[in-house]
Amino acid sequence: MYTARPAIEHTATTLIAKPNYALWLVNMRAGAVKWSQDLIGFDGNIVGPTSRQRTDASNPNGQKPMAIPISGTATHSSPHAHHTNYSAMAMVTTLFFAWGFCTVLNDAVIPHLQSIFELSYVQASMIQLAFFSSYFLFALPAGKLVESIGYKRTMVVGLLMMAVGALLFVPAASFATYGFFLGAEVVLAAGVTILQVAANPYVTILGPPETASSRLNLTQAFNTLGDSVAPYIGGVLILGGSVAATHSSALQGATLNAFRIQQAANIKLPFVAIASAATVLALAVAMYRFPHLAVTQDFRPASLDVRKESIWDHPHLYLGAIAIFVYVGAEVSIGSFLVKYFADPQIAALPLERGAKFVTFYWLGMMVGRFIGSAAMQRVAANQMLVGSGVGACLLVLASLLGSGYFAMVTILAVGLFNSILFPTIFTLAVTELGPLTGRGSGLLVQAIVGGAVFPVMMGFLADRYSIHRSLLMPLLCYLFVIYYGWRGYRIAPAEPQAHFEIVDE
(Lines give C-alpha, C1' and ligand atoms only; values in the text may rest on other atoms or scores of the structure.)
Protein backbone atom coordinates (compact mmCIF):
# COMPACT_ATOMS: atom_id res chain seq x y z
CA MET A 1 0.00 0.00 0.00
CA TYR A 2 1.18 3.50 -0.75
CA THR A 3 1.33 5.85 2.22
CA ALA A 4 1.02 9.60 2.47
CA ARG A 5 4.11 11.73 2.95
CA PRO A 6 4.63 13.25 6.45
CA ALA A 7 2.68 16.47 6.94
CA ILE A 8 1.75 18.96 9.69
CA GLU A 9 -1.87 17.82 9.47
CA HIS A 10 -3.18 14.91 7.47
CA THR A 11 -6.04 12.48 7.44
CA ALA A 12 -6.24 9.31 5.41
CA THR A 13 -9.39 7.57 4.35
CA THR A 14 -9.33 4.26 2.57
CA LEU A 15 -12.25 3.11 0.48
CA ILE A 16 -12.18 -0.26 -1.23
CA ALA A 17 -15.40 -0.93 -3.12
CA LYS A 18 -14.28 -4.09 -4.92
CA PRO A 19 -11.03 -6.03 -5.25
CA ASN A 20 -8.71 -4.50 -7.85
CA TYR A 21 -10.66 -1.25 -8.00
CA ALA A 22 -9.91 1.98 -6.15
CA LEU A 23 -7.83 3.03 -3.17
CA TRP A 24 -8.40 6.68 -2.30
CA LEU A 25 -5.98 8.65 -0.15
CA VAL A 26 -6.97 12.16 0.83
CA ASN A 27 -4.11 14.26 2.19
CA MET A 28 -4.81 17.72 3.59
CA ARG A 29 -2.03 20.19 4.28
CA ALA A 30 -1.93 24.02 4.44
CA GLY A 31 -5.27 24.38 2.66
CA ALA A 32 -4.15 22.36 -0.38
CA VAL A 33 -6.01 19.23 -1.43
CA LYS A 34 -4.45 16.41 -3.40
CA TRP A 35 -6.47 13.51 -4.66
CA SER A 36 -4.75 10.24 -5.52
CA GLN A 37 -6.52 7.33 -7.09
CA ASP A 38 -4.70 4.03 -7.58
CA LEU A 39 -5.98 0.92 -9.23
CA ILE A 40 -4.54 -2.34 -7.97
CA GLY A 41 -3.63 -4.28 -11.12
CA PHE A 42 -1.65 -7.28 -12.24
CA ASP A 43 1.32 -7.73 -14.56
CA GLY A 44 0.84 -5.73 -17.72
CA ASN A 45 -2.27 -3.95 -16.45
CA ILE A 46 -2.99 -0.32 -15.71
CA VAL A 47 -2.16 0.36 -12.09
CA GLY A 48 -3.30 4.02 -12.18
CA PRO A 49 -4.72 6.57 -12.72
CA THR A 50 -3.46 9.09 -10.22
CA SER A 51 -4.45 12.74 -10.40
CA ARG A 52 -3.83 16.08 -8.74
CA GLN A 53 -5.66 19.30 -8.25
CA ARG A 54 -4.07 22.36 -6.75
CA THR A 55 -6.00 25.12 -5.00
CA ASP A 56 -5.06 28.57 -3.88
CA ALA A 57 -4.11 28.34 -0.18
CA SER A 58 -4.71 32.04 0.39
CA ASN A 59 -8.49 32.18 0.60
CA PRO A 60 -9.54 34.43 3.49
CA ASN A 61 -13.29 34.05 2.92
CA GLY A 62 -13.22 30.28 2.96
CA GLN A 63 -14.80 30.15 -0.49
CA LYS A 64 -14.15 27.17 -2.72
CA PRO A 65 -11.15 28.14 -4.85
CA MET A 66 -10.81 27.37 -8.55
CA ALA A 67 -8.79 24.25 -9.32
CA ILE A 68 -5.68 24.70 -11.42
CA PRO A 69 -4.76 21.53 -13.34
CA ILE A 70 -1.10 20.63 -13.27
CA SER A 71 0.86 17.68 -14.60
CA GLY A 72 0.58 15.10 -11.85
CA THR A 73 3.43 12.74 -11.08
CA ALA A 74 2.94 9.57 -9.08
CA THR A 75 4.98 9.72 -5.90
CA HIS A 76 5.38 5.96 -5.95
CA SER A 77 6.96 5.69 -9.38
CA SER A 78 10.07 3.67 -9.96
CA PRO A 79 13.42 5.40 -10.31
CA HIS A 80 13.59 3.65 -13.68
CA ALA A 81 10.24 5.00 -14.85
CA HIS A 82 11.94 7.10 -17.50
CA HIS A 83 13.90 4.21 -19.01
CA THR A 84 12.67 1.72 -21.60
CA ASN A 85 11.90 -1.78 -20.35
CA TYR A 86 13.80 -3.68 -23.06
CA SER A 87 12.97 -7.13 -21.72
CA ALA A 88 9.21 -6.60 -22.01
CA MET A 89 9.71 -4.85 -25.34
CA ALA A 90 11.61 -7.86 -26.73
CA MET A 91 8.80 -10.18 -25.69
CA VAL A 92 6.14 -8.03 -27.36
CA THR A 93 8.26 -7.64 -30.52
CA THR A 94 7.82 -11.33 -31.34
CA LEU A 95 4.08 -10.67 -31.62
CA PHE A 96 4.68 -8.01 -34.28
CA PHE A 97 6.53 -10.54 -36.44
CA ALA A 98 3.71 -13.06 -36.00
CA TRP A 99 0.85 -10.89 -37.20
CA GLY A 100 2.95 -9.38 -40.00
CA PHE A 101 3.59 -12.87 -41.33
CA CYS A 102 -0.11 -13.82 -41.17
CA THR A 103 -1.25 -10.62 -42.90
CA VAL A 104 1.04 -10.80 -45.93
CA LEU A 105 0.69 -14.57 -46.34
CA ASN A 106 -2.63 -13.67 -47.98
CA ASP A 107 -0.62 -12.46 -50.99
CA ALA A 108 0.10 -16.13 -51.69
CA VAL A 109 -3.31 -17.42 -50.59
CA ILE A 110 -5.24 -15.10 -52.95
CA PRO A 111 -3.75 -16.24 -56.30
CA HIS A 112 -3.85 -19.87 -55.16
CA LEU A 113 -7.57 -19.78 -54.31
CA GLN A 114 -8.25 -17.71 -57.40
CA SER A 115 -6.76 -20.50 -59.48
CA ILE A 116 -8.53 -23.32 -57.61
CA PHE A 117 -12.02 -21.78 -57.66
CA GLU A 118 -11.60 -19.86 -60.96
CA LEU A 119 -12.46 -16.56 -59.28
CA SER A 120 -12.69 -13.13 -60.82
CA TYR A 121 -10.55 -10.35 -59.36
CA VAL A 122 -13.55 -8.98 -57.48
CA GLN A 123 -14.31 -12.41 -56.01
CA ALA A 124 -10.66 -12.95 -55.07
CA SER A 125 -10.56 -9.53 -53.38
CA MET A 126 -13.13 -10.85 -50.90
CA ILE A 127 -10.19 -12.42 -49.01
CA GLN A 128 -8.68 -9.01 -48.27
CA LEU A 129 -12.14 -7.62 -47.60
CA ALA A 130 -12.85 -10.39 -45.06
CA PHE A 131 -9.46 -9.97 -43.40
CA PHE A 132 -9.38 -6.18 -43.09
CA SER A 133 -13.08 -5.84 -42.27
CA SER A 134 -12.32 -7.73 -39.06
CA TYR A 135 -10.33 -4.73 -37.88
CA PHE A 136 -13.48 -2.64 -38.13
CA LEU A 137 -15.64 -5.22 -36.38
CA PHE A 138 -13.36 -6.30 -33.53
CA ALA A 139 -11.08 -3.33 -32.79
CA LEU A 140 -13.35 -1.38 -30.42
CA PRO A 141 -14.43 -4.50 -28.49
CA ALA A 142 -10.74 -5.35 -28.20
CA GLY A 143 -10.09 -1.90 -26.73
CA LYS A 144 -12.73 -2.52 -24.08
CA LEU A 145 -11.18 -5.94 -23.45
CA VAL A 146 -7.88 -4.20 -22.66
CA GLU A 147 -9.66 -1.99 -20.13
CA SER A 148 -11.33 -5.04 -18.59
CA ILE A 149 -8.52 -7.62 -18.33
CA GLY A 150 -5.36 -5.64 -19.12
CA TYR A 151 -2.74 -5.67 -21.86
CA LYS A 152 -1.11 -8.99 -21.01
CA ARG A 153 -4.24 -11.12 -20.92
CA THR A 154 -5.57 -9.41 -24.04
CA MET A 155 -2.38 -10.43 -25.89
CA VAL A 156 -2.93 -14.03 -24.80
CA VAL A 157 -6.55 -13.93 -26.01
CA GLY A 158 -5.43 -12.51 -29.37
CA LEU A 159 -2.81 -15.22 -29.87
CA LEU A 160 -5.25 -18.01 -29.04
CA MET A 161 -7.82 -16.52 -31.41
CA MET A 162 -5.15 -16.47 -34.13
CA ALA A 163 -4.43 -20.14 -33.45
CA VAL A 164 -8.11 -21.03 -33.81
CA GLY A 165 -8.42 -19.06 -37.05
CA ALA A 166 -5.32 -20.72 -38.51
CA LEU A 167 -6.63 -24.18 -37.62
CA LEU A 168 -9.90 -23.43 -39.43
CA PHE A 169 -7.94 -23.40 -42.69
CA VAL A 170 -7.49 -27.17 -42.34
CA PRO A 171 -11.21 -28.11 -42.63
CA ALA A 172 -11.65 -25.33 -45.20
CA ALA A 173 -8.99 -27.01 -47.35
CA SER A 174 -10.41 -30.48 -46.67
CA PHE A 175 -13.86 -29.45 -47.94
CA ALA A 176 -12.46 -27.04 -50.57
CA THR A 177 -15.16 -24.47 -49.82
CA TYR A 178 -14.38 -20.85 -50.60
CA GLY A 179 -16.87 -19.51 -48.04
CA PHE A 180 -15.15 -21.59 -45.36
CA PHE A 181 -11.84 -19.97 -46.25
CA LEU A 182 -13.40 -16.53 -45.87
CA GLY A 183 -14.75 -17.47 -42.45
CA ALA A 184 -11.30 -18.68 -41.38
CA GLU A 185 -9.85 -15.36 -42.55
CA VAL A 186 -12.31 -13.46 -40.35
CA VAL A 187 -11.40 -15.45 -37.22
CA LEU A 188 -7.66 -15.21 -37.91
CA ALA A 189 -7.92 -11.46 -38.49
CA ALA A 190 -9.95 -11.08 -35.27
CA GLY A 191 -6.99 -12.52 -33.36
CA VAL A 192 -4.58 -10.22 -35.18
CA THR A 193 -6.84 -7.25 -34.38
CA ILE A 194 -6.98 -8.06 -30.66
CA LEU A 195 -3.21 -8.49 -30.63
CA GLN A 196 -2.62 -5.14 -32.35
CA VAL A 197 -4.97 -3.26 -30.02
CA ALA A 198 -2.98 -4.49 -27.02
CA ALA A 199 0.59 -4.60 -28.33
CA ASN A 200 0.86 -1.30 -30.21
CA PRO A 201 -0.01 1.03 -27.30
CA TYR A 202 1.85 -1.18 -24.83
CA VAL A 203 5.11 -0.58 -26.68
CA THR A 204 4.50 3.18 -26.61
CA ILE A 205 4.24 3.22 -22.79
CA LEU A 206 7.22 0.99 -22.00
CA GLY A 207 9.55 3.96 -21.76
CA PRO A 208 9.84 7.75 -22.01
CA PRO A 209 7.07 9.45 -24.04
CA GLU A 210 9.58 11.34 -26.17
CA THR A 211 10.98 8.08 -27.61
CA ALA A 212 7.63 6.28 -28.00
CA SER A 213 7.61 6.64 -31.79
CA SER A 214 11.18 5.31 -31.94
CA ARG A 215 10.21 2.20 -29.96
CA LEU A 216 7.12 1.48 -32.02
CA ASN A 217 9.04 1.96 -35.27
CA LEU A 218 11.65 -0.53 -34.07
CA THR A 219 9.06 -3.18 -33.21
CA GLN A 220 7.19 -2.47 -36.44
CA ALA A 221 10.43 -3.19 -38.30
CA PHE A 222 10.16 -6.78 -37.10
CA ASN A 223 6.53 -6.71 -38.18
CA THR A 224 7.75 -5.87 -41.68
CA LEU A 225 10.34 -8.64 -41.42
CA GLY A 226 7.37 -11.00 -41.15
CA ASP A 227 5.85 -9.21 -44.17
CA SER A 228 9.04 -9.83 -46.15
CA VAL A 229 9.42 -13.49 -45.23
CA ALA A 230 5.77 -14.51 -45.76
CA PRO A 231 5.61 -14.08 -49.58
CA TYR A 232 8.66 -16.28 -50.09
CA ILE A 233 7.46 -19.03 -47.75
CA GLY A 234 3.94 -18.79 -49.17
CA GLY A 235 5.32 -19.06 -52.68
CA VAL A 236 7.24 -22.21 -51.84
CA LEU A 237 4.65 -24.02 -49.69
CA ILE A 238 1.38 -22.79 -51.22
CA LEU A 239 2.09 -21.81 -54.81
CA GLY A 240 4.92 -24.25 -55.42
CA GLY A 241 2.68 -27.21 -56.24
CA SER A 242 -0.28 -25.32 -57.68
CA VAL A 243 -1.72 -26.12 -61.10
CA ALA A 244 -2.86 -23.43 -63.50
CA ALA A 245 -6.59 -22.83 -63.77
CA THR A 246 -6.52 -23.84 -67.44
CA HIS A 247 -5.87 -27.43 -66.35
CA SER A 248 -9.08 -27.54 -64.28
CA SER A 249 -11.43 -25.77 -66.70
CA ALA A 250 -12.47 -29.07 -68.33
CA LEU A 251 -13.16 -30.84 -65.00
CA GLN A 252 -16.66 -31.19 -63.61
CA GLY A 253 -18.57 -32.69 -60.70
CA ALA A 254 -16.74 -35.05 -58.36
CA THR A 255 -13.55 -34.87 -60.42
CA LEU A 256 -13.44 -31.09 -60.10
CA ASN A 257 -14.10 -31.28 -56.36
CA ALA A 258 -11.32 -33.86 -55.90
CA PHE A 259 -8.94 -31.61 -57.84
CA ARG A 260 -9.81 -28.62 -55.64
CA ILE A 261 -9.29 -30.63 -52.44
CA GLN A 262 -5.93 -31.84 -53.70
CA GLN A 263 -4.75 -28.32 -54.58
CA ALA A 264 -6.16 -26.74 -51.40
CA ALA A 265 -4.15 -29.21 -49.30
CA ASN A 266 -1.08 -27.02 -49.95
CA ILE A 267 -2.54 -24.47 -47.56
CA LYS A 268 -2.72 -26.79 -44.56
CA LEU A 269 0.95 -27.00 -43.55
CA PRO A 270 1.75 -23.26 -43.23
CA PHE A 271 -1.43 -22.56 -41.26
CA VAL A 272 -0.93 -25.50 -38.92
CA ALA A 273 2.56 -24.08 -38.29
CA ILE A 274 1.01 -20.65 -37.59
CA ALA A 275 -1.47 -22.19 -35.11
CA SER A 276 1.34 -24.03 -33.30
CA ALA A 277 3.56 -20.95 -33.11
CA ALA A 278 0.67 -18.77 -31.87
CA THR A 279 -0.13 -21.27 -29.10
CA VAL A 280 3.49 -21.40 -27.95
CA LEU A 281 3.66 -17.60 -27.94
CA ALA A 282 0.42 -17.42 -25.92
CA LEU A 283 1.94 -19.67 -23.26
CA ALA A 284 5.16 -17.62 -23.23
CA VAL A 285 3.29 -14.33 -22.81
CA ALA A 286 1.07 -15.80 -20.09
CA MET A 287 4.10 -16.90 -18.06
CA TYR A 288 6.16 -13.74 -18.64
CA ARG A 289 6.17 -11.20 -15.80
CA PHE A 290 5.34 -7.86 -17.41
CA PRO A 291 5.93 -4.62 -15.45
CA HIS A 292 3.17 -2.79 -13.65
CA LEU A 293 2.10 0.51 -15.17
CA ALA A 294 0.75 3.68 -13.59
CA VAL A 295 -1.00 6.57 -15.26
CA THR A 296 -0.97 10.18 -14.11
CA GLN A 297 -3.62 12.54 -15.40
CA ASP A 298 -4.62 16.20 -15.13
CA PHE A 299 -8.31 16.54 -14.34
CA ARG A 300 -10.41 19.59 -15.11
CA PRO A 301 -12.38 21.18 -12.20
CA ALA A 302 -15.64 19.63 -13.42
CA SER A 303 -14.99 16.06 -12.40
CA LEU A 304 -12.50 13.54 -11.09
CA ASP A 305 -14.30 10.60 -12.72
CA VAL A 306 -12.19 9.40 -15.67
CA ARG A 307 -15.07 7.23 -16.83
CA LYS A 308 -16.90 10.38 -17.94
CA GLU A 309 -14.18 11.10 -20.48
CA SER A 310 -14.66 10.05 -24.09
CA ILE A 311 -12.23 9.32 -26.88
CA TRP A 312 -14.16 11.90 -28.90
CA ASP A 313 -12.89 14.59 -26.53
CA HIS A 314 -9.47 14.12 -28.15
CA PRO A 315 -9.32 15.56 -31.72
CA HIS A 316 -5.74 14.41 -32.22
CA LEU A 317 -6.99 10.83 -31.70
CA TYR A 318 -9.83 10.74 -34.21
CA LEU A 319 -7.82 12.73 -36.78
CA GLY A 320 -5.11 10.10 -36.27
CA ALA A 321 -7.72 7.41 -36.98
CA ILE A 322 -8.53 9.11 -40.28
CA ALA A 323 -4.81 9.32 -41.08
CA ILE A 324 -4.38 5.59 -40.45
CA PHE A 325 -7.51 4.85 -42.50
CA VAL A 326 -6.16 6.62 -45.59
CA TYR A 327 -2.54 5.55 -45.08
CA VAL A 328 -3.30 1.83 -44.75
CA GLY A 329 -5.60 2.17 -47.74
CA ALA A 330 -2.76 3.63 -49.79
CA GLU A 331 -0.20 1.06 -48.62
CA VAL A 332 -2.40 -2.00 -49.23
CA SER A 333 -3.71 -0.65 -52.56
CA ILE A 334 -0.21 -0.13 -53.92
CA GLY A 335 1.00 -3.51 -52.66
CA SER A 336 -2.04 -5.36 -54.02
CA PHE A 337 -1.63 -3.97 -57.54
CA LEU A 338 2.16 -3.99 -57.90
CA VAL A 339 2.33 -7.27 -59.85
CA LYS A 340 -0.26 -6.10 -62.38
CA TYR A 341 1.38 -2.67 -62.45
CA PHE A 342 4.72 -4.17 -63.45
CA ALA A 343 2.97 -6.22 -66.14
CA ASP A 344 1.52 -3.09 -67.77
CA PRO A 345 3.13 -2.45 -71.19
CA GLN A 346 3.67 1.21 -70.27
CA ILE A 347 5.68 0.22 -67.18
CA ALA A 348 7.87 -2.89 -67.52
CA ALA A 349 5.72 -5.56 -69.24
CA LEU A 350 7.05 -8.17 -66.80
CA PRO A 351 5.56 -11.68 -66.52
CA LEU A 352 3.46 -12.08 -63.38
CA GLU A 353 5.83 -14.57 -61.77
CA ARG A 354 8.85 -12.31 -62.26
CA GLY A 355 6.94 -9.21 -61.20
CA ALA A 356 5.91 -10.93 -57.96
CA LYS A 357 9.56 -11.33 -56.98
CA PHE A 358 10.11 -7.58 -57.20
CA VAL A 359 7.29 -6.97 -54.69
CA THR A 360 9.70 -8.22 -52.01
CA PHE A 361 11.70 -5.01 -52.43
CA TYR A 362 8.60 -2.98 -51.53
CA TRP A 363 8.34 -4.74 -48.14
CA LEU A 364 12.09 -4.84 -47.56
CA GLY A 365 12.17 -1.08 -48.09
CA MET A 366 9.60 -0.70 -45.32
CA MET A 367 11.66 -2.86 -42.97
CA VAL A 368 14.89 -0.96 -43.63
CA GLY A 369 13.07 2.36 -43.29
CA ARG A 370 11.73 1.42 -39.88
CA PHE A 371 15.17 0.61 -38.54
CA ILE A 372 16.45 3.92 -39.91
CA GLY A 373 13.40 5.77 -38.60
CA SER A 374 13.76 4.24 -35.14
CA ALA A 375 17.31 5.59 -34.90
CA ALA A 376 16.46 8.98 -36.42
CA MET A 377 13.61 9.57 -33.98
CA GLN A 378 16.07 9.64 -31.12
CA ARG A 379 16.94 13.13 -32.41
CA VAL A 380 14.11 14.24 -34.71
CA ALA A 381 10.56 14.99 -33.56
CA ALA A 382 8.01 12.35 -34.56
CA ASN A 383 5.68 14.80 -36.32
CA GLN A 384 8.58 16.16 -38.38
CA MET A 385 9.53 12.64 -39.44
CA LEU A 386 5.89 12.03 -40.36
CA VAL A 387 5.72 15.12 -42.57
CA GLY A 388 9.05 14.32 -44.25
CA SER A 389 8.11 10.72 -44.97
CA GLY A 390 4.66 11.71 -46.20
CA VAL A 391 6.17 14.24 -48.60
CA GLY A 392 8.69 11.64 -49.83
CA ALA A 393 5.97 9.04 -50.48
CA CYS A 394 3.78 11.64 -52.16
CA LEU A 395 6.57 12.76 -54.54
CA LEU A 396 7.50 9.18 -55.45
CA VAL A 397 3.89 8.23 -56.26
CA LEU A 398 3.61 11.40 -58.35
CA ALA A 399 6.85 10.54 -60.18
CA SER A 400 5.59 7.05 -60.97
CA LEU A 401 2.22 8.43 -62.05
CA LEU A 402 3.85 10.87 -64.48
CA GLY A 403 6.67 8.53 -65.54
CA SER A 404 6.84 5.26 -67.44
CA GLY A 405 9.06 2.23 -67.96
CA TYR A 406 11.53 1.13 -65.31
CA PHE A 407 11.60 4.66 -63.85
CA ALA A 408 7.94 4.29 -62.87
CA MET A 409 8.68 0.81 -61.51
CA VAL A 410 11.61 1.88 -59.34
CA THR A 411 9.88 4.96 -57.94
CA ILE A 412 6.76 3.05 -56.88
CA LEU A 413 8.91 0.38 -55.18
CA ALA A 414 10.79 3.12 -53.32
CA VAL A 415 7.51 4.27 -51.75
CA GLY A 416 7.90 1.36 -49.33
CA LEU A 417 10.94 3.06 -47.78
CA PHE A 418 8.88 6.15 -46.91
CA ASN A 419 5.81 4.14 -45.90
CA SER A 420 7.92 2.53 -43.21
CA ILE A 421 7.43 4.94 -40.31
CA LEU A 422 3.97 6.26 -41.16
CA PHE A 423 1.72 3.79 -39.30
CA PRO A 424 3.70 3.55 -36.02
CA THR A 425 4.33 7.31 -35.95
CA ILE A 426 0.68 8.21 -36.53
CA PHE A 427 -0.28 5.65 -33.88
CA THR A 428 2.01 7.02 -31.17
CA LEU A 429 1.05 10.63 -31.87
CA ALA A 430 -2.63 9.70 -31.72
CA VAL A 431 -2.52 7.86 -28.35
CA THR A 432 -0.38 10.50 -26.66
CA GLU A 433 -1.69 11.48 -23.20
CA LEU A 434 -4.88 9.38 -23.41
CA GLY A 435 -4.11 7.67 -20.09
CA PRO A 436 -7.01 5.38 -19.05
CA LEU A 437 -8.51 5.76 -22.53
CA THR A 438 -5.41 4.37 -24.25
CA GLY A 439 -6.93 0.92 -24.77
CA ARG A 440 -10.12 2.33 -26.24
CA GLY A 441 -8.20 4.82 -28.37
CA SER A 442 -6.00 2.02 -29.64
CA GLY A 443 -9.15 0.13 -30.61
CA LEU A 444 -10.33 3.10 -32.69
CA LEU A 445 -6.96 3.36 -34.45
CA VAL A 446 -6.79 -0.35 -35.21
CA GLN A 447 -10.39 -0.19 -36.41
CA ALA A 448 -9.23 2.41 -38.95
CA ILE A 449 -7.07 -0.27 -40.61
CA VAL A 450 -10.29 -1.18 -42.44
CA GLY A 451 -8.98 1.28 -45.01
CA GLY A 452 -7.05 -1.72 -46.32
CA ALA A 453 -10.39 -3.23 -47.35
CA VAL A 454 -11.96 -0.06 -48.78
CA PHE A 455 -9.29 1.65 -50.86
CA PRO A 456 -8.12 -1.34 -52.97
CA VAL A 457 -11.68 -1.63 -54.29
CA MET A 458 -11.66 2.08 -55.14
CA MET A 459 -8.27 1.81 -56.82
CA GLY A 460 -9.46 -1.25 -58.76
CA PHE A 461 -12.45 0.76 -60.00
CA LEU A 462 -10.10 3.50 -61.24
CA ALA A 463 -7.84 0.90 -62.84
CA ASP A 464 -10.77 -0.67 -64.71
CA ARG A 465 -12.17 2.68 -65.82
CA TYR A 466 -8.94 4.47 -66.74
CA SER A 467 -5.77 2.38 -66.29
CA ILE A 468 -3.68 0.76 -63.57
CA HIS A 469 -1.15 3.55 -64.14
CA ARG A 470 -3.58 6.43 -63.61
CA SER A 471 -5.18 4.76 -60.59
CA LEU A 472 -2.15 5.94 -58.56
CA LEU A 473 -3.97 9.24 -58.19
CA MET A 474 -5.93 7.73 -55.29
CA PRO A 475 -2.96 6.89 -52.98
CA LEU A 476 -1.44 10.25 -53.92
CA LEU A 477 -4.43 12.00 -52.35
CA CYS A 478 -4.21 9.74 -49.29
CA TYR A 479 -0.64 10.82 -48.56
CA LEU A 480 -1.69 14.49 -48.61
CA PHE A 481 -3.86 13.94 -45.52
CA VAL A 482 -1.00 12.11 -43.78
CA ILE A 483 1.16 15.20 -44.35
CA TYR A 484 -1.57 17.39 -42.85
CA TYR A 485 -1.76 15.23 -39.74
CA GLY A 486 1.98 15.51 -39.14
CA TRP A 487 1.83 19.27 -39.73
CA ARG A 488 -1.18 20.25 -37.59
CA GLY A 489 -3.60 17.41 -36.92
CA TYR A 490 -1.43 15.71 -34.26
CA ARG A 491 -1.51 18.71 -31.92
CA ILE A 492 -3.26 18.25 -28.58
CA ALA A 493 -5.93 20.87 -27.90
CA PRO A 494 -5.44 22.91 -24.69
CA ALA A 495 -8.83 21.79 -23.34
CA GLU A 496 -7.97 18.08 -23.54
CA PRO A 497 -7.21 16.19 -20.32
CA GLN A 498 -3.58 15.05 -20.29
CA ALA A 499 -2.33 11.74 -18.94
CA HIS A 500 0.96 9.86 -18.77
CA PHE A 501 1.94 6.26 -18.12
CA GLU A 502 4.83 5.28 -15.89
CA ILE A 503 6.44 1.95 -15.00
CA VAL A 504 6.22 1.43 -11.24
CA ASP A 505 7.71 -0.91 -8.70
CA GLU A 506 5.56 -3.73 -7.40
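The values are calculated or read from the model by the stated rules, or taken from the named source; none is laboratory data. Here the structure is a predicted model, which is why all the values come from computation and not from measurement. Glycine also receives a Cβ, built like all others from the backbone with ideal geometry; neighbour counts cover every protein chain displayed. For accessibility, only protein heavy atoms count, side chains too; no ligands or nucleic acids. Shrake-Rupley method; radii C 1.70, N 1.55, O 1.52, S 1.80 Å.
Considering only protein heavy atoms and a 1.4 Å probe, what is the carbon-and-sulfur percentage of the accessible area of segment 365-413?
Working: 1530 of 2120 Å².
Here it works out to 72 percent.
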Response to the item:
Counting only protein heavy atoms and leaving out ligands, DNA and RNA, the solvent-accessible surface of Phe117 at a 1.4 Å probe, in Å² to the nearest 10, equals 30 Å²
Worksheet item: How many nm separate the modelled label positions at Val410 and Ala349, each set 7 Å beyond the Cα in the direction of the Cβ?
Response: 2.0 nm
Fill in: Accessible area of Arg470 in the full protein assembly, 1.4 Å probe (Å², nearest 10)
120 Å²
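Probe radius 1.4 Å, ligands and nucleic acids ignored: give me the carbon and sulfur share of the accessible area of segment 117-196 as a rounded percent. Intermediate values should be presented prior to the final figure.
Numbers: 2210 of 2910 Å².
For segment 117-196, the apolar C and S fraction of the accessible surface comes to 76 percent.
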Discussion item. Regarding segment 353-506, what's the average projected area of the Cα-atom convex hull, expressed in nm²?
Written reply: 12.0 nm²
Worksheet item: How much length, in nm to one decimal, is gained on full extension between Ala381 and Ala258, taken as 0.36 nm per residue of separation minus their Cα-Cα distance?
Response: 38.5 nm
Practice prompt. Take segment 164-236, drop everything but the C-alpha atoms, weight them equally and run the Debye formula without solvent; then report log10 I(q)/I(0) at 0.13, 0.21, 0.23 Å⁻¹ to two decimals.
Written response: -0.56, -0.97, -1.04
Worksheet, complete the sentence: Distance in nm between Glu210 and Ser148 label points, each 7 Å along Cα→Cβ, equals 3.9 nm
Worksheet entry | Binned Cα-Cα distances of segment 120-245, short to long, each 5 Å bin given as a whole percent | 2, 10, 13, 19, 21, 14, 9, 6, 3, 1, 0
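Taking 0.36 nm per residue of sequence separation and subtracting the Cα-Cα distance, how much length would be gained by fully extending the chain between Trp312 and Met458, in nm to one decimal? Please report the intermediate quantities before stating the final value.
Details: separation 146, 0.36 × 146 = 52.56 nm, distance 2.81 nm.
Full extension of this stretch gives 49.7 nm more.
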Item to complete: Could you please state, rounded to a whole Å, how far the C-alpha centre of segment 356-421 is from the C-alpha centre of segment 99-163?
Response: 25 Å
